[in-house]
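Here is the structure we will look at.
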Amino acid sequence: MEVAHLLSRRTLAMSGSGIRRAFELGAKLKDPINLSIGQPDFPVARAVKDAAIHAINADKNGYSLSRGIPELTARIATKLHNDFGWHFQNSESDIIVTPGTSGALVLAAMATLNPGDEIIIPDPYFVLYPAMASLSDAKAVYCDTYPDCKLTAERVERCITARTKMVVLNSPGNPGGVVNTVDECRDLLDLCRRKNLLLLSDEIYDEFTYTDARTQKAAKPENDPMLKCPSPARFPGAEETVLLVRGFGKTYGNTGWRLGYAAGPKKLIEQMIKLQQFSFVCAPTPLQWGAIAALDVDATLQMQEYQKRRDMVVKALSPVTGLKAPGGAFYAFPKIPEKLGMTGLEFLEAAIERNLILVNGGTFSQRDTHFRLSYAVPEHKLQAGLEVLVSLLSGG
Ligand code: PMP
């Protein structure tokens, strides 16, 4: 059978993720220095593994409610109350547990976007954001955030049209690792309120916010005795405008468990739950039990380790690229010095020749002038990678 003519324009218009391409190239190298992978290198905490194993042994292996097991949504409601001061009349209908953060992003797009609608995403962006538009026959409007990778109200306002429905904020961000300030979060929230737009806040890296980017200037300091990651969700009444999306995989080192969640405007969450019934059905049930235990894990030590690695990256690369310290996540997104006259792809190829795998900036952007490195790797690997990079960036 000839399949080509059966394929949809939607799928044909999407190109495969550049991250996968880097992965495939790397598979051909022998013991490469791989700084392309965006997943933590620490093991899942024992208590979290045990909770999931226990659930499997206790025969909790069937479907769960589409919205997630009530014990987990209740635990998330408590977390969001402590963290943001959000109140839930009924955590079972105001929160949805999804297969990964990706699941929440796709459901949010499917529940809001009609063909031709517009969704404003930062450029550079996480690779799934343009796909949220393609999957729903909507249009991604790229908001240029160079050179600092900050999605600000001023930049977003210029992109708004009568078709705009949603703005996607990702702080701490992938690929830039950039964290918005409290004021920038407030301005974005105000803009979205004024224009009646949904503000989707993808906070998958919230715990990976380093001490210098954390703040006490949160809207509700009484709920915020510890320094926290700035977020538009921290302002009173934000749950009517902000769709908060968070994940478990990065924070607790279990990306393969495929667990995330979303909370926000009740009428939207209801629709996302309905769509989940007819698509993913539910997030993996026994792993949802593991997620309850994960929410009690203190990941401070890991975060300190990541901050140390972030500092190594900045120390090595800022003299040769002008890189500013990223406030969060575990990525850096330096510009390739113009004097090298190389595109991101050419730089990636030069790195691969030296056994180093990166991702070129064009994977995350309409331009290909930068590269992304992930420092979620053991320190000796990172050190080896930085030495290669400094030599390449100095024209060596
Ligand atoms: N949002 C961002 C910004 C990401 O970087 C990623 C994963 N790299 C995701 C969402 C999706 O994560 P998950 O594995 O939870 O689907």
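The values are calculated or read from the model by the stated rules, or taken from the named source; none is laboratory data. Owing to the predicted nature of the structure, the values given are computational and were not obtained by experimental measurement. Heads up, the Cβs are rebuilt from the backbone with ideal geometry, glycines too, and the neighbour counts pull from every protein chain shown. Calculation scope for accessible area: heavy atoms of the full protein, side chains included, ligands and nucleic acids excluded. Shrake-Rupley method; radii C 1.70, N 1.55, O 1.52, S 1.80 Å.
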* What is the number of the single condition among (1) surrounded by fewer than 23 Cβ atoms within 10 Å (Cβ to Cβ); (2) polar (S, T, N, Q); (3) assigned by TED's automatic domain parsing to the domain that holds residue 203 that residue 304 does not meet? -> (3)
* To do: Take the residues in segment 23-67 that are within 16 Å of the ligand (Cβ to nearest atom) and not in a loop (DSSP other than H, G, I, E, B), then tell me which one is modelled with the lowest pLDDT.
  => 23
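Here are some residues: 141, 179. Which one is open to solvent by less than 20 Å² (accessible area, probe 1.4 Å) and away from the ligand (no atom under 11 Å from the Cβ)? Spell out the reasoning first.
Values: 141 fails: open to solvent by less than 20 Å² (accessible area, probe 1.4 Å).
Among 141, 179, only 179 is open to solvent by less than 20 Å² (accessible area, probe 1.4 Å) and away from the ligand (no atom under 11 Å from the Cβ).
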* Search result, residues across segment 317-351 that are aliphatic (A, V, I, L, M), open to solvent by less than 30 Å² (accessible area, probe 1.4 Å) and touching a residue at least 60 places away in the same chain (Cβ under 8 Å) -> 317, 329, 332, 348
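Quick check, is residue 209 at pLDDT below 95, hydroxyl-bearing (Ser, Thr, Tyr), under 22 Å from residue 332 (Cα atoms) and in contact with a Gly (Cβ under 7 Å, 6 or more places away or on another chain)? Steps first, please.
Values: at pLDDT below 95: yes; hydroxyl-bearing (Ser, Thr, Tyr): yes; under 22 Å from residue 332 (Cα atoms): yes; in contact with a Gly (Cβ under 7 Å, 6 or more places away or on another chain): yes.
Here the answer is yes, as residue 209 does meet what is asked.
Identify, please: which residue in segment 155-169 is out of contact with any helix residue (DSSP H, G or I) (no Cβ under 8 Å at 6 or more places or on another chain) and not hydrophobic (A, V, I, L, M, F, W, C) and is, among those, nearest to the ligand (Cβ to nearest atom)? Show your work before the answer.
First pass over segment 155-169, keeping only residues out of contact with any helix residue (DSSP H, G or I) (no Cβ under 8 Å at 6 or more places or on another chain): 155, 158-159, 161-163.
Still in the running and not hydrophobic (A, V, I, L, M, F, W, C): 155, 158, 161, 163.
On the way: 155: 18, 158: 23, 161: 25, 163: 24 Å.
Residue satisfying both the conditions and the ranking: 155.
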* Positions within segment 78-134 being within 11 Å of the ligand (Cβ to nearest atom) and over 21 Å from residue 361 (Cβ atoms), in sequence order -> 98, 99, 100, 101, 102, 103, 104, 105, 106
* In segment 313-337, which residues are more than 16 Å from the ligand (Cβ to nearest atom) and under 16 Å from residue 358 (Cβ atoms)? -> 313, 316, 317, 320, 321, 323, 334, 335, 336, 337
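Restricting to segment 265-275, and then to whatever is in contact with a Leu (Cβ under 9 Å, 6 or more places away or on another chain) and away from the ligand (no atom under 16 Å from the Cβ), can you tell me which residue is most open to solvent (accessible area, probe 1.4 Å)?
Residues of segment 265-275 in contact with a Leu (Cβ under 9 Å, 6 or more places away or on another chain): 265, 268-269, 271-273, 275.
Now narrow it down to the ones that are away from the ligand (no atom under 16 Å from the Cβ): 265, 268-269, 271, 273, 275.
Numbers: 265: 25, 268: 20, 269: 0, 271: 74, 273: 15, 275: 56 Å².
Among those residues, the one meeting the criterion is 271.
Determine, yes or no, whether residue 300 is among the hydroxyl-bearing types (Ser, Thr, Tyr), in contact with a Ser or Thr (Cβ under 6 Å, 6 or more places away or on another chain) and farther than 25 Å from residue 365 by Cα.
Working: among the hydroxyl-bearing types (Ser, Thr, Tyr): yes; in contact with a Ser or Thr (Cβ under 6 Å, 6 or more places away or on another chain): no; farther than 25 Å from residue 365 by Cα: yes.
The answer is no for residue 300.
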* Structure fact -> Sole miss for residue 10 among (1) without any contact (Cβ under 8 Å) to a residue 12 or more places away in the chain; (2) within 30 Å of residue 267 (Cβ to Cβ); (3) not assigned by TED's automatic domain parsing to the domain that holds residue 232 is condition (1)
* **All helices (runs of 4 or more DSSP H) inside segment 227-297 with 2 or more residues being free of Cβ contacts under 8 Å to residues at least 40 places away in the same chain and touching a Cys at 6+ places or on another chain (Cβ under 8 Å)** => none
* Taking residue 255, is it open to solvent by 20 Å² or more (accessible area, probe 1.4 Å), within 16 Å of the ligand (Cβ to nearest atom) and β-branched (Val, Ile, Thr)? -> yes
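Every residue in segment 78-102 that is modelled with pLDDT of 95 or more and more than 16 Å from residue 293 (Cβ to Cβ), please. Give the derivation first.
Within segment 78-102, the subset modelled with pLDDT of 95 or more is 95-102.
Matches in segment 78-102: 95, 96, 98, 99, 100, 101, 102.
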* Asked: With (1) crowded, with 23+ Cβ neighbours inside 10 Å; (2) over 20 Å from the mean Cα position of the chain (by Cα) as the list, and residue 114 as the residue in question, which single condition is left unmet?
  -> (1)
